Amino acid sequence: MTAPDPNPHASTVHQQGSLESRFRKLVEAAPDAILEVNEQGRIMFLNEAAERMFGYSRGEMLGLDVENLVPAAMRGGHAKHRASYASRPNTRPMGTGLELQGQRKDGSLFPVEISLSPNWIEGSLHVIASVRDITERRVVEARIRALREQYTAELTAKNEQLEARSREAEQANRLKTEFLASMSHELRTPLHTIIGFSELLTEQLEGPLNEKQHRFVGHISQDARHLLELINQILDISKIESGHLELRREAFDFDHCVGEVLAGIRNHAATKNITLENQNSFHDALFADRLRMKEILYNLLSNAVKFTPEGGRVWLESGREGNSLRVSVCDTGIGIPQQEHPSIFEKFYQVGDSSAGVREGTGLGLPITKHLIELHGGTISVESWPGKGSRFTLTLPLAPSRDERS
Ligand code: ADP
């Protein structure tokens, strides 16, 4: 049990006193200026921050017309605003959307943010204004704005540079394609002459060649053909890359096309004693670019023969699978390590160790093949086992049949 308070009245007075001083300290400690203004616009109460912010002493400020704290240019408007606030007094920010300013005793101006609340004292409307000096915030905002403008300007300049570079690159690419087209024409014509005449010599119609001469002419012919293939492939890849390669689709006999390509490869296979097999079961017409289709099959089959040792086997399997034509070119050759599979479709890539000894070629055959298949809307994939062989499989979508079209 607690003892009764001997002087309850004194205790209440003491508590009230301390409460008031606590509130006073709270108001004084606030970083914002707090002012109370009466109906006539006179300042009735203020805290320490208000003295500091506006540069007046407390004595000077008490009873001062609040208009003195408003920039001269705004005073007319301010009187009207005070009257309108009195008609609808509630707690709200002052001048939403406006850039408000306060005026110090020395006449200097500073940006402020003001919050207003009504305070009824004995039936008369007093207004409490809480004023925050936002000079620092404005400085930071200005700095952010300047930085943003600077970055935007830099970005715009960079974009313009990039656009100019990309235009230059496009132009250079077009010139490269035009140059390659005309150069390859210039190079191909004499090469055809070299190949043609070396073949004539090999046929020995103009007189016999001794064994050495025969071999030399063979080298000339073989290297000239290699050069021609390289030129054709470089032209192809540059056309593909610049988007200038267009397909000439037509309906043709796929069986016949496979037969032609295998015939073209048969000699090379025979020199290595490689068995060449045709396991095509698609005997319909194919709607595609016939010459490009032959190029695709030729590239895959000549690689198969090239990378298969003496006495091996190379075969082509093909057939309809749903609405697609599926063709696999398989061999019992040296194979390709798993980690190399994605790279072999890149330009100029040749597998290092596994194809050692077999160095003829350009590294352009597979990338061109892949592009040509993709231009037809198809895909190509590889499965391969080093030392056992490889299987390249392509899938081409078939045009809808007449029945399906109607
Ligand atoms: P290349 O002109 O060298 O044949 P490709 O682009 O056609 O160029 O092939 C790239 C590389 O992929 C070849 O150099 C070879 O290392 C590998 N490769 C392609 N086909 C086969 C295959 N059937 N067997 C083994 N390796 C192959």
*Qualifying helices (runs of 4 or more DSSP H) (wholly inside the stretch 18-107; at least 3 residues being open to solvent by less than 80 Å² (accessible area, probe 1.4 Å), under 26 Å from Arg137 (Cβ atoms) and not acidic (Asp, Glu))*: 48-54, 75-87
*Does the stretch 289-314 hold any residues that are under 19 Å from Ala251 (Cα atoms), more than 15 Å from the ligand (Cβ to nearest atom) and either at pLDDT below 95 or not hydrophobic (A, V, I, L, M, F, W, C) (or both), and which are they?*
Asp289, Arg290, Leu291, Arg292, Lys294
*All positions within the stretch 186-196 that are in contact with a helix residue (DSSP H, G or I) (Cβ under 9 Å, 6 or more places away or on another chain) and open to solvent by 100 Å² or more (accessible area, probe 1.4 Å)*: His192
*For Glu346, state whether it is open to solvent by 30 Å² or more (accessible area, probe 1.4 Å), of a type in the set (Asp, Glu), within 11 Å of the ligand (Cβ to nearest atom) and at pLDDT below 90.*
yes
*asked:* Being modelled with pLDDT of 90 or more and open to solvent by less than 90 Å² (accessible area, probe 1.4 Å) is the filter here; which residues of the stretch 205-217 pass it?
replied: Leu209, Asn210, Gln213, His214, Val217
*Per-region count, the stretch 256-295, residues farther than 17 Å from Thr395 by Cβ and surrounded by fewer than 17 Cβ atoms within 10 Å (Cβ to Cβ)*: 19
*Residue count for the stretch 385-400, restricted to those that are closer than 23 Å to Leu325 by Cβ and assigned to a strand (DSSP E or B)*: 9
*If the Cβ limit is 8 Å and pairs must be 6+ apart or interchain, which residue in the stretch 268-295 that is assigned to a loop (DSSP other than H, G, I, E, B) pairs with which residue that is surrounded by 13 or more Cβ atoms within 10 Å (Cβ to Cβ) and hydrophobic (A, V, I, L, M, F, W, C)?*
Lys272/Val305; Ile274/Val305; Ile274/Val314; Phe282/Phe254; Phe282/Leu325; His283/Phe254; Asp284/Phe254
*Which of (1) farther than 23 Å from Thr369 by Cβ; (2) touching a Ser or Thr at 6+ places or on another chain (Cβ under 9 Å); (3) open to solvent by less than 70 Å² (accessible area, probe 1.4 Å) does Ile220 not meet, given it meets every other one?*
(3)
*Pair list, Cβ < 7 Å and 6+ apart or interchain, from the stretch 380-391 residues that are at positive phi to residues that are within 11 Å of the ligand (Cβ to nearest atom) and of a type in the set (D, E, K, R)*: Gly389/Asp331
*asked:* Quick check on my filter: what residues within the stretch 120-152 are charged (D, E, K, R) and surrounded by 10 or more Cβ atoms within 10 Å (Cβ to Cβ)?
replied: Arg132, Asp133, Arg137, Arg138, Glu141, Arg143, Arg145, Arg148, Glu149
*Just a yes or no: is a residue in the stretch 174-197 assigned to a loop (DSSP other than H, G, I, E, B) and over 53 Å from the mean Cα position of the chain (by Cα)?*
no
*All but one of (1) crowded, with 16+ Cβ neighbours inside 10 Å; (2) at pLDDT 95 or above; (3) more than 10 Å from the ligand (Cβ to nearest atom) hold for Lys388, so report the exception by its number.*
(1)
*Residues located in the stretch 312-331, provided they are crowded, with 19+ Cβ neighbours inside 10 Å and not in a strand (DSSP E or B)*: Gly312
*Write out, first by first residue and then by second, each pair whose Cβ atoms fall under 6 Å of each other, whose residues are 6+ apart or on separate chains, and whose first residue, in the stretch 106-123, is under 17 Å from Gly41 (Cα atoms) while the second is open to solvent by 60 Å² or more (accessible area, probe 1.4 Å) and outside any strand (DSSP E or B).*
Ser117/Thr91
*Under 6 Å by Cβ, and 6 or more places apart or on different chains, what pairs join a residue from the stretch 153-182 that is open to solvent by less than 80 Å² (accessible area, probe 1.4 Å) with one that is in a helix (DSSP H, G or I)?*
Thr177/Ser238; Leu180/Leu235; Leu180/Ser238
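The values are calculated or read from the model by the stated rules, or taken from the named source; none is laboratory data. Remember, predicted model here, so these are calculated numbers, not experimental data. Here the Cβ is made from the backbone with ideal geometry for all residues, glycine too, and neighbour counts use every protein chain on show. SASA here: full protein model, heavy atoms, side chains in, ligands and nucleic acids out. Shrake-Rupley method; radii C 1.70, N 1.55, O 1.52, S 1.80 Å.
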